[in-house]
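Each remark here refers to the structure printed beneath this line.
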């Protein structure tokens with residue numbers, strides 16, 4: 001059997017997918033750290049072990065993401081937007097607009113029938129619409145990222161953040177904690193701030209339905225709830241954080 005590998009080197013997390021001619025076979029992820037080449041090798045070794053596949057059985061490897069060029073065994077580096085379109089079309093073919101929440105930015109992508117990218121708009125790096133904002137607030141509140149979504153759903157009086165910068169948002173979060181504001185209200189405010197950024201981005205495009213979410217934001221039930229309250233109905237693919245890696249593996253398989 002022929003195998004293909006897609007590796008998505010994000011600034012925070014590295015994801016990998018092993019694909020054969022019958023579909024996605026294995027997923028693997030690891031923190032990126034500050035050594036992307038080493039993290040990529042961890043991904044490769046983890047995927048091969050899980051699937052019981054030898055290295056010489058891999059017919060093609062495509063990398064994407066923040067550190068794509070540092071994957072020493074990748075034959076090709078592909079823009080993550082292209083990979084996102086390919087991956088989303090594979091897992092949810094009906095989707096025409098993707099909200100892709102990454103650690104340093106959020107992008108809204110309009111897709112054609114075959115996953116081709118028709119239009120795109122990207123937020124400023126490290127704005128309140130980025131995943132790093134969620135990480136910063138979680139650190140201030142001393143809670144795990146996994147707890148953010150469920151806890152935020154308990155909010156009755158969400159905070160309104162006055163800044164559009166994740167760094168200044170940290171200072172604002174510290175001030176709200178000192179004032180005794182409930183954690184869930186701060187977290188709901190974070191999700192509403194991200195939602196506001198996403199809505200403003202969509203206004204700069206001609207988005208088509210259905211919408212879907214990809215990236216780590218797809219794992220955050222609080223963010224999804226906030227988007228849906230604002231009128232954006234979303235499809236959530238299985239393993240949304242692996243969409244770009246799936247796209248990279250598909251490009252390796254189809255060599256397009």
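The values are calculated or read from the model by the stated rules, or taken from the named source; none is laboratory data. Only a predicted model underlies this, so the values are computations on that prediction, with no experimental measurement involved. Every residue, glycine among them, receives a Cβ derived from its backbone with ideal geometry; neighbour counts consider all protein chains shown.
Worth a mention:
- So residue 169, is it at pLDDT below 95, crowded, with 18+ Cβ neighbours inside 10 Å, outside any loop (DSSP other than H, G, I, E, B) and in contact with a helix residue (DSSP H, G or I) (Cβ under 6 Å, 6 or more places away or on another chain): yes
- Residue 185 meets each of the listed conditions (1) under 24 Å from residue 124 (Cβ atoms); (2) touching a helix residue (DSSP H, G or I) at 6+ places or on another chain (Cβ under 9 Å) apart from (1).
- Criterion (buried (at least 20 other Cβ atoms within 10 Å of the Cβ), assigned to a helix (DSSP H, G or I) and not assigned by TED's automatic domain parsing to the domain that holds residue 9) met by exactly one of 140, 132: 132
- Qualifying residue in region 32-46 (condition: under 25 Å from residue 121 (Cα atoms) and surrounded by fewer than 19 Cβ atoms within 10 Å (Cβ to Cβ)): no
- Checked against the criterion of being in contact with a strand residue (DSSP E or B) (Cβ under 6 Å, 6 or more places away or on another chain), touching a residue at least 40 places away in the same chain (Cβ under 8 Å) and in the same structural domain as residue 121 (by TED's automatic domain parsing), the candidates 222, 215, 169 yield just one match: 215.
- Meets criteria (in a helix (DSSP H, G or I), in contact with a strand residue (DSSP E or B) (Cβ under 9 Å, 6 or more places away or on another chain), in contact (Cβ under 8 Å) with a residue 40 or more places away in the chain and in the same structural domain as residue 15 (by TED's automatic domain parsing)) for residue 201: no
- Test result for residue 190, buried (at least 23 other Cβ atoms within 10 Å of the Cβ) and either outside the structural domain of residue 10 (by TED's automatic domain parsing) or in contact with a helix residue (DSSP H, G or I) (Cβ under 7 Å, 6 or more places away or on another chain) (or both): yes
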